[in-house]
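> Below is a structure I'd like to ask you about.
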Amino acid sequence: MWDWHYVWEILPKLLTVVPITIAVTLAGFIIASVLGMPLALARRSRSRWISLPITAIADFIRKTPLIIQLYVIVFVFPEMIGVTLSPFIAGVIGLGIHYSTYMSEVYRSGIEAVPKGQWEASTALNFSKAKTWFRIILPQSIPPTIPVMGNYLIVMFKETPVLSAITLVELLMTAKELGSSSFRYLEEFTLVGIIFFALSYPSALLVRALEKRMQGRERSAATK
């Protein structure tokens, strides 16, 4: 049966690890966002020696389970390079690398959505490649992708319970430890679900509002 007294006893313990869960999500998101752009550019490279291997690696990472990649980082890398990573660092790297492949697709779709006339205009104005990318292409391609990136941030946050498999003390791991000491799991796992919902739902509403705002800007720009 549900025990409210027990709920108020364990709730502070669960809330103390929420910052860890948020921190690993944000750090992983930063890595994914930074790595995603060079991956997108490499996949668009005219050289097959660059585009094909990068595409194959990205597809392999995206189509294999995140938990296996985490195990490789935690257990295989120490044998190969002799460096042992903390669960937090391993989780950040795992999330960042895994979702950088998804971010690359987001960036690539944004770049390909830029009208060809913009590329032709930069060529006609004799812009260098660097100036074309930083002054023309990226300022137009990145803003429309922000809502999609926000959705991936939420997905990454909801993916953090997987990190309990590498002993990162986040929400799910804490709930398991509390349950193993009290032999109760109903309250722990229910509270974890409520906390994830309480943090994810407002974020989803914010992303949805941002997406509508971006669409409104596009419609207003199209009518001018």
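> With the requirement that a residue be open to solvent by 20 Å² or more (accessible area, probe 1.4 Å) and assigned to a helix (DSSP H, G or I), what does segment 158-175 give you?
Those that are open to solvent by 20 Å² or more (accessible area, probe 1.4 Å) and assigned to a helix (DSSP H, G or I): Lys158, Glu159, Pro161, Val162, Ala165, Leu172, Met173.
> Does any residue of segment 81-91 turn out to be over 22 Å from Ser141 (Cα atoms), modelled with pLDDT under 90 and part of a helix (DSSP H, G or I)?
Within segment 81-91 (the criterion being over 22 Å from Ser141 (Cα atoms), modelled with pLDDT under 90 and part of a helix (DSSP H, G or I)), the answer is yes, since at least one residue qualifies.
> Can you name every residue in segment 190-224 that is open to solvent by 90 Å² or more (accessible area, probe 1.4 Å) and either modelled with pLDDT of 90 or more or assigned to a loop (DSSP other than H, G, I, E, B) (or both)?
Within segment 190-224, Ile194, Phe197, Tyr201, Lys224 meet the criteria.
> Here is a list of conditions, (1) in a helix (DSSP H, G or I); (2) over 22 Å from Leu206 (Cα atoms), and Val155 meets all of them except one; can you say which number that is?
Of (1) in a helix (DSSP H, G or I); (2) over 22 Å from Leu206 (Cα atoms), only one is false for Val155: (2).
> Is it fair to say Gly150 is under 17 Å from the mean Cα position of the chain (by Cα) and open to solvent by less than 20 Å² (accessible area, probe 1.4 Å)?
Judged against the criteria, Gly150 is a match.
> Assess whether Ile50 counts as being open to solvent by 60 Å² or more (accessible area, probe 1.4 Å), assigned to a helix (DSSP H, G or I) and modelled with pLDDT of 95 or more.
No, not satisfied.
The values are calculated or read from the model by the stated rules, or taken from the named source; none is laboratory data. Note that the structure is a prediction, hence the values are computed from the model and not measured. Areas reflect the complete protein model, heavy atoms only, side chains present, ligands, DNA and RNA absent. Shrake-Rupley method; radii C 1.70, N 1.55, O 1.52, S 1.80 Å.
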